[in-house]
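Structure record follows, encoded as structure tokens.
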Amino acid sequence: MDRLVKRAQGGDAEAFIQLIENNKMTLERIAFGYFQSEADVADAIQDTILSVYEHMKELKKPEYFRTWLVRILMNHCSSRYRKNKRSYPVEEVPEISWENREESNIEFFDLLRSLPGDSRTIFQLYYGEQFTTREISEMLSIKESTVKSKLHRGKNQLREELQVRRQIG
């Protein structure tokens, strides 16, 4: 991947497109952690791709491309989330359209929504995208011990949520 990043930094459009394609599912999973609307997800990803394209040459270490990409996406999602929060009453937020989603993804996103926002992001990055606790702490500018404790508390909360759902279903 480092070679692909270097080619993209050198202006190779095909390399850039390949990088984005390789990370498309990661971008979608993270953006769906912030939004229920596919339109908001698409807008956040589009803004991210444009920012990454415009600032590609500023990435100093190609091996950190994925982390850099995710951080930019999270910044765009946070910004759009704050803007939407001020703009739309909760009742008017459209429901997510799941026609094109796999069943396991639906369950994953549904479970994640039961977690508080900061824990949800950490869970997605750790379990969904396989970032290390150290990488997550750097991305979110928090202590690694905080990441670990939120993962621990989140696991307990999800365990309880699963038990409740099994009793109901």
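The values are calculated or read from the model by the stated rules, or taken from the named source; none is laboratory data. Bear in mind that the values here come from a model prediction, so they are computed numbers and not experimental data. Reconstructed Cβ throughout: ideal geometry from the backbone, glycine too, with neighbour counts over all protein chains shown. Just so you know, the surface numbers come from the protein's heavy atoms only, side chains and all, with ligands and any DNA or RNA stripped out. Shrake-Rupley method; radii C 1.70, N 1.55, O 1.52, S 1.80 Å.
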Considering only helices (runs of 4 or more DSSP H) wholly within segment 100-169, the ones with at least 2 residues that are modelled with pLDDT of 80 or more and crowded, with 16+ Cβ neighbours inside 10 Å are 117-123, 133-140, 144-168
Working only within segment 25-50, note down all residues that are of a type outside the set (S, T, N, Q) and free of Cβ contacts under 8 Å to residues at least 12 places away in the same chain. MET25, ALA42, LEU50
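Yes or no, residue by residue, for (1) open to solvent by less than 10 Å² (accessible area, probe 1.4 Å); (2) in a loop (DSSP other than H, G, I, E, B):
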position: GLU28; (1), (2): no, no
position: GLN36; (1), (2): no, yes
position: ALA39; (1), (2): no, no
position: ILE45; (1), (2): no, no
position: LEU50; (1), (2): no, no
position: MET56; (1), (2): yes, no
position: PHE65; (1), (2): yes, no
position: TRP68; (1), (2): no, no
